[in-house]
Amino acid sequence: MSLYTAIATSAGRDARAVSSDGQLDVKLGLQRELGGDGIGTNPEQLFAAGYSACFASAMQLVAKRQGVDAADASVTAEVDLNPNGDGGFGLGVTLRVELPEHLSAEQGRALIEATHQVCPYSNATRGNIPVELVVE
């Protein structure tokens, strides 16, 4: 049983992406680094936005469960597009987690490691692409 299903349609990297409810309607553009004009967002940026938002929300849930205040935390996702050596492409992710100063290094590491087990994006990517967790 699904809690929620997101539906979006696109015709490619140099088209539009539109969600079924109309809440998302963005122009996509091929990155300059890939030979495009760079006008519009791209799938890697959308993935980075989704992963950072999901991880940050999961971290608030985990912090609450642990009795830790992480209200001022933020997450920055860096998504790399890399050749995979077989003529295709793969992704790599670095999650940079900025934690409140009142958390010790040990508390912070425990929080993000536990969050990495809860976050749906982390669970989807685990074992498929490299994901590095960095506490800042």
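Annotations for the structure displayed:
- Checking every residue in the range 39-50 against the condition of being surrounded by 10 or more Cβ atoms within 10 Å (Cβ to Cβ), of a type in the set (Ser, Thr, Tyr) and either more than 28 Å from Val134 (Cβ to Cβ) or touching a Ser or Thr at 6+ places or on another chain (Cβ under 7 Å) (or both) gives zero matches.
- Boolean, Lys27 is in contact with a Ser or Thr (Cβ under 8 Å, 6 or more places away or on another chain) and among the basic types (Lys, Arg): yes
- If the condition is being in contact (Cβ under 8 Å) with a residue 24 or more places away in the chain and outside any loop (DSSP other than H, G, I, E, B), then the range 1-33 contributes only Ala17.
- For the range 80-98, the count of residues that are loosely packed, with under 14 Cβ neighbours inside 10 Å, part of a loop (DSSP other than H, G, I, E, B) and in contact (Cβ under 8 Å) with a residue 24 or more places away in the chain is zero.
- When Lys64 is tested against the conditions (1) closer than 27 Å to Val26 by Cβ; (2) not assigned by TED's automatic domain parsing to the domain that holds Val26, the lone failure is (1).
- Residue list for the range 1-18, restricted to those being under 18 Å from the mean Cα position of the chain (by Cα) and either at pLDDT below 95 or surrounded by 10 or more Cβ atoms within 10 Å (Cβ to Cβ) (or both): Ala6, Ala8, Ala17
- Scope the range 105-123; condition farther than 13 Å from Ser57 by Cβ, touching a strand residue (DSSP E or B) at 6+ places or on another chain (Cβ under 9 Å) and buried (at least 16 other Cβ atoms within 10 Å of the Cβ); matching residues: Gly108, Leu111, Ile112, His116
- The residue of the range 99-130 that is farthest from Cys54 (Cα to Cα), among those that are part of a helix (DSSP H, G or I) and of a type in the set (Ser, Thr, Tyr), is Thr125.
The values are calculated or read from the model by the stated rules, or taken from the named source; none is laboratory data. A quick note: this is a predicted structure, and the numbers were derived from the prediction, not measured. Positions of Cβ are backbone-derived with ideal geometry, glycine not excepted, and every protein chain shown enters the neighbour counts.
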